[in-house]
Amino acid sequence: MVDVDEQRFTVGVFQDVSWAKKGLDALRQAGFPADSLTILAKAGPEAEALIEAALGAAAEQFELAGIGAVAGRGPLIAALQGEQRDLPKLGLSRTMRRVGFQPHDGRIFDALTTRGGVLVAIESDPRAADALALLHSYGGGNAAIGAWTGRV
């Protein structure tokens, strides 16, 4: 059985850094604080610069099963780590259930990020629908809200 975290996330994957920047700018303009945002992408100078500019701190670097070297920062990463700290070993596809997503969602987020997409997540239960609308409006592919507790 997979433990489900009580945090709620809205997640989407942008096709590249420039699309992600537009989406992140829109989220900030809508009042979503930087500490509610997570950015995860294949490691590289552009992704690292985006994370630092958007979140105000340097990206964490780690290896992620299925993707390879990634840069990321934010509350989703901590939630996916779990008590076992096994996110690097299990990858997105097997840990997204911890925040209420179905296994097929995890595989989609994993595949899109592997292809160079930039995963953006917003921790915001009361404004999840607003976050979802902004992700869709600015090109966040496969954007979805994690399921509520008890549905997984």
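Structure above, values below:
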| item | result |
| --- | --- |
| Conditions (1) more than 26 Å from ALA133 (Cβ to Cβ); (2) at pLDDT below 95: number failed by PHE101 | (1) |
| Residues satisfying the stated conditions in segment 45-85, i.e. at pLDDT below 95 and β-branched (Val, Ile, Thr) | ILE67 |
| Test: residue in segment 34-43 that is touching a Phe, Trp or Tyr at 6+ places or on another chain (Cβ under 8 Å) and within 23 Å of ALA79 (Cα to Cα) | yes |
| Subset of segment 30-52 that is in contact (Cβ under 8 Å) with a residue 12 or more places away in the chain and among the acidic types (Asp, Glu) - its residue that is farthest from PHE9 (Cα to Cα) | GLU46 |
| Elements of type helices (runs of 4 or more DSSP H) contained in segment 1-115, each with 2 or more residues being in contact with a helix residue (DSSP H, G or I) (Cβ under 8 Å, 6 or more places away or on another chain) and charged (D, E, K, R) | 17-29, 103-114 |
| Pair list, Cβ under 7 Å, 6 or more apart: segment 65-90 residue polar (S, T, N, Q), other residue surrounded by 14 or more Cβ atoms within 10 Å (Cβ to Cβ) | GLN81/LEU87 |
| Top-ranked residue of segment 106-148 - restricted to ones that are under 25 Å from GLY68 (Cβ atoms) and among the basic types (Lys, Arg), ranked as nearest to the chain's Cα centre (by Cα) | ARG107 |
| Failed item, numbered, when ALA78 is tested on (1) in contact with a Gly (Cβ under 8 Å, 6 or more places away or on another chain); (2) under 18 Å from PHE109 (Cα atoms) | (1) |
| Candidates ARG115, ARG85, ARG94, filtered to the one that is within 25 Å of SER18 (Cβ to Cβ) and basic (Lys, Arg) | ARG115 |
| Condition check for SER124: under 22 Å from GLY23 (Cα atoms), of a type in the set (Ser, Thr, Tyr) and surrounded by fewer than 20 Cβ atoms within 10 Å (Cβ to Cβ) | no |
| Failed item, numbered, when LYS42 is tested on (1) at pLDDT 95 or above; (2) farther than 14 Å from GLY116 by Cβ; (3) among the basic types (Lys, Arg) | (2) |
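The values are calculated or read from the model by the stated rules, or taken from the named source; none is laboratory data. As the structure is a computational prediction, the values presented were derived from the model and not from experiment. Ideal geometry is used to build each Cβ from the backbone, glycine not excepted, and the neighbour counts take in all protein chains shown.
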